[in-house]
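Each reported figure results from applying straightforward, stated rules to the coordinates on display, with no laboratory input. Computed from a predicted model, the values in this text were never measured in an experiment. Please note: Cβ atoms are built from the backbone with ideal geometry, for glycine as well, and neighbour counts cover all protein chains shown.
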Amino acid sequence: MPALVYEGIPTRAYGTVLLHPKDAVASEKNPHRKWIMLAILSVLSAVNQAICYSYAPVASIVEDRWQQRLPSEHLISIFFISYIPCSFTGSWIMDKFGLRCGVLLGGFLQAVGATLRYLACTMNLTDEIYMMMLGQTLSSFAMAFMVNSPAVLSANWFPPSMRATSTSVALNANNVGTAVVYLTAPFIVFSIDEVPDYNLYVAVCAVITWIMALFFFQSSPKPLDGSPAVHNSAAHDEYDWGQWKSAFTHRGFWHTLVAFSLAECVFNAISALLGKFLGATQLSKPQIGLVGAAFIVSSLIGGQFISHYVDKQRNHKAAMQICLLLTAIGLVLFRLVPKDEVKAILACLLVLGAVLGPLQPIGLELGVECAYPTSEATVAALQQLFGNFFSAVTVPVLSSLERTNVGATKGISPRYFYGSPECIMAFMTTATLLMFSFL
């Protein structure tokens, strides 16, 4: 870890961990390079998320191609489940061998996985399904490297005043990948015959981004004295596995863990089930794709705006409380809006995305600060571990509830209102807000 100091932070209080000025100066010798590193990581992360949700907007078409033998939701769940064991390995690799090693390995895995998904389309049905799942699984292994690295990149390349913003950009790049899928898949895949071409496009993007990272991505800026750069955690001879446990001993870390996991689960559920939520409307598949992309873009804009506020005000806790409250309200309103009121549905989704988007980047940055001196990669791994575990358990349950609650296009069924996915997510968000505020 680099030399870290607390500046004006009282004991046992929320605050911001600041890099030592010497390290901050080193990153400013080439001020444009840090943005290049952030862009490369963001693109790789977006591709990974695009692979995860690539079939969500065209689920019925790809399921017809596979003769209903492979539900598209299972391909999404693979990412949630595989992250649980991979998070430990991914965090260890980045802490031990450096950020570049972890990012390149993740990019390679998703490039190979996406290529296998394309090659699967040349096989018979049974082999195609197995090869498709193998490619999806390999791509899911890369998730640990993509989602655990934003806080590490921010600590290595950016000054303290920009860390929340840079973390938000890299973390929200996942959402960009999902938005691109919703914007492109419904306009490319009209029948089962277009699925191979669609898989080819995804594979080409994965391979190109990995090659780009291979030639240009670096772990950290070179020191001003010209000596070789040493990665934060690689400077240690032995990896400290005890930090996984010690992180929970720090005051406030549990709060950030629960809030981050809740935000991860809600966003994953909406992204995976939006087509079903809007199934009772008069929207076509391309229109649902545009609405889904609008929801995700609003989460990106909201995330950047609130992160900028946190950078200036250093008030992480208040920002989290406000966003949690508005998220709970937005979920209830989304459930209450009649399904034939398309404009009202779109407005609810835009507001919901704007207040849901900031929760993850702010929660991650606050978690890093609360758990100091636990490494950034370990904090990110812990939060994503719990978030994906929560999603792996909750999303299938919410999907089952949504199938049960499919009703009339007008009004709300009182029988299923409180058991609807939207209201259950609103209840979980409210409980998280109370815990975050009073415990």
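Assorted remarks:
- Length gained when the stretch L119-S400 is fully extended (0.36 nm per residue, less Cα-Cα span): 98.0 nm
- Filter on K285/K339; K312/K343; K34/K245; K96/K317; K276/K317 - keep pairs with C-alpha separation over 26 Å: K312/K343; K34/K245; K96/K317; K276/K317
- Projected label points at H32 and Y201, each 7 Å from Cα along the beta carbon direction, are separated by 3.2 nanometres.
- Estimated FRET transfer efficiency when R0 is 30 angstrom, pair D64-D340 (beta carbons, to 0.05): 0.60
- Per-residue extension of 0.36 nm, minus the Cα-Cα distance of I208 and D193, leaves a gain of 2.9 nm for this segment.
- Residue-count net charge about T165 - beta-carbon cut-off 14 Å; Lys, Arg +1, Asp, Glu -1: +2
- Three-way shape label, segment 73-162, alpha-carbon gyration tensor, a/c 1.5: prolate
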